[in-house]
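> Have a look at the structure that comes next, please.
The values are calculated or read from the model by the stated rules, or taken from the named source; none is laboratory data. Because the structure is a prediction, the values reported are computed rather than measured. Here the Cβ is made from the backbone with ideal geometry for all residues, glycine too, and neighbour counts use every protein chain on show. Ligands, DNA and RNA are excluded from the accessible area calculation, which covers all protein heavy atoms including side chains. Shrake-Rupley method; radii C 1.70, N 1.55, O 1.52, S 1.80 Å.
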Amino acid sequence: MAQQTISAAHEPGRQIGALLYEGLALLLTAAASVLLVTLLVFTPTIFARGAAPTAADLQGYLAAVRAYLAGLVAGDFGQTANQRPIYRDLMVGVEHSLQLLAVSFAVALPLGLAWSALLANVRRRLPAMLLFGLSTLAVSLPSFVVMLLAMEGVANFTLRTGLRIAYVQGYGLDLHLVLPAGVLALRGAAVLARSLQVAQEEILRQDWIRAARARGLGGLGLWRRHVLPALRLPLLGAVLGMLRVMISGLVIVDYLSGWNGLGRLMLRIRDSTTGPSEAQVVAGAAVMLVLFFVIVDA
């Protein structure tokens, strides 16, 4: 009894220690990621002259990295070639990216839940194979392939019918949202559905599920009343995995759709002759995306 009392007394301290450890790990992860991103983004400056890099080029590279990191610590992201603070462009990019992610998430979550329910409950061979094949295709295809196919399909549909169901380029909280949000939501929902399918199959093998079926409960009623409540913890992990996939696909979808978010800013450098101000813009956008991932993990 005394040992149990001592263990209970130490439990809050252990929890606080675990939280501090996790917080420190996240901070170290963020710092290491920012350092790696900065080193990679400024690498083209070594080859700016178009010849083999010299010791002076390497010194200039390291000086640029140190200056940028020192600015980040002071809250300064640098200035563009037009002497405009880079953080203003970054804030616009963050706003646009968060808007796209929020809409995509709002679509992907219910779609993924419904998709996973169908995967777990449809027993007829042909519909089950079609659902499984569609989810496998959506998970396997890269986001840029889906985006390019969707843009081509919408453009051809508009050309042949004259009906505008979406815009293929540009930013706007209207029909401009359909393609980029749809592509991100489709892949995110597929990842969520496949993750939950594994958890659901494990739950459906439990004795209490067999007992519910013996009482005549089945189909979506069984899923809604018994399976869905048991999916709360697996659902949390699956949703976080879905968010990671959507954030990773955000860069190329943003760039291809001209959404003008962080992805567009991050892919501004096209050759090694780009100036240091452009490198600072790219580094800032990459740092923001790293923070997105760290926040999701937190």
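> Rounded to the nearest 20 debye, what is the charge dipole size of the chain about its Cα centre when +1 sits on each Lys and Arg Cβ and -1 on each Asp and Glu Cβ? Can you show the working numbers first?
Details: 23 positive and 15 negative charges, 249 e Å.
For this selection, approximately 1200 debye.
> Can you give the FRET efficiency to the nearest 0.05 for LEU236 and LEU148, using r as the Cβ-Cβ distance and R₀ = 25 Å? All intermediate terms of the calculation are to be shown ahead of the outcome.
Working: r = 33 Å, r/R0 = 1.32.
That gives a FRET efficiency of 0.15.
> Return the equivalent ellipsoid semi-axes of the chain as a descending list in whole Å, where each equals the square root of 5 times an eigenvalue of the C-alpha gyration tensor.
Working: eigenvalues 353, 195, 46 Å².
Semi-axis lengths for the chain are 42, 31, 15 Å.
> Given the range 138-179, what whole percent of its Cα pairs are spread farther than 11 Å?
Numbers: 560 of 861 pairs.
Everything past 11 Å amounts to 65 percent.
> Across the Cα atoms of the range 127-265, what radius of gyration and what greatest pairwise Cα-Cα distance (Dmax) are found, in Å?
Rg then Dmax for the range 127-265, in Å: 18.9, 58.
> So if we plug the beta-carbon distance of PHE293 and ALA128 into 1/(1 + (r/R0)^6) with R0 = 22 Å, what FRET efficiency do we get, rounded to 0.05? Don't jump to the answer; show the numbers that get you there.
Working: r = 34 Å, r/R0 = 1.56.
It comes to 0.05.
> Can you give the local net charge around LEU119? Use residues other than it whose beta-carbon is closer than 13 angstrom to its beta-carbon, Lys and Arg +1, Asp and Glu -1.
Details: positive: ARG123, ARG124, ARG194; negative: GLU201.
Cβ neighbours under 13 Å give a net charge of +2.
> Next question, about the same structure. For the range 82-204, what number results from the quotient of the Cα radius of gyration and 2.2 N^0.38 Å?
Details: Rg = 17.8 Å, N = 123, 2.2 N^0.38 = 13.7 Å.
Taking the Cα Rg and dividing by 2.2 N^0.38 Å, one obtains 1.30.
> Once every DSSP H run of n ≥ 4 in the chain is given -39500 (n - 2.57) and the sum is divided by its residues, what mean residue ellipticity at 222 nm do you get, rounded to the nearest 500 deg cm²/dmol? Let's see the in-between values first.
Numbers: 11 runs with 222 residues, N = 298.
Dividing the helical sum by the residues of the chain leaves -25500 deg cm²/dmol.
> Also: Could you check the simple spin-label distance between TYR21 and PHE47, using points 7 Å along Cα→Cβ, in nm with one decimal?
Label at TYR21, label at PHE47, 4.3 nm between them.
> Taking the mean number of other Cβ atoms within 10 Å as a proxy for protection, how do you rank 89-96, 108-115, 255-262 from highest to lowest?
Values: 89-96: 17.8, 108-115: 19.4, 255-262: 23.5.
Averaged packing, sorted descending, gives the order 255-262, 108-115, 89-96.
> From largest accessible area down, sort ARG124, ARG244; use a 1.4 Å probe on the protein chains. Could you put the intermediate results ahead of the total?
Details: ARG124 185, ARG244 90 Å².
Order by accessible area, largest first: ARG124, ARG244.
> Mind checking which of LEU35, LEU250, LEU265 has the largest fluctuation in a GNM of the chain, springs on alpha carbons under 10 Å?
LEU35
> What net charge is computed for the residues neighbouring ALA181, neighbours being all others with C-beta under 14 Å from the C-beta of ALA181, Lys and Arg scored +1, Asp and Glu -1? Working shown, then result.
Details: positive: ARG187; negative: ASP174, ASP254.
The answer is -1.
> Going from most exposed to least, what order do SER104, SER140 have by accessible area with a 1.4 Å probe? If you can, show how the numbers build up before the last one.
Details: SER104 0, SER140 80 Å².
I get SER140, SER104, largest accessible area first.
> Next question. Over all pairs of distinct alpha carbons, what does the Kirkwood formula give as the hydrodynamic radius of the range 203-267, in Å?
Numbers: mean 1/r = 0.0679 Å⁻¹.
That comes to 14.7 Å for the range 203-267.
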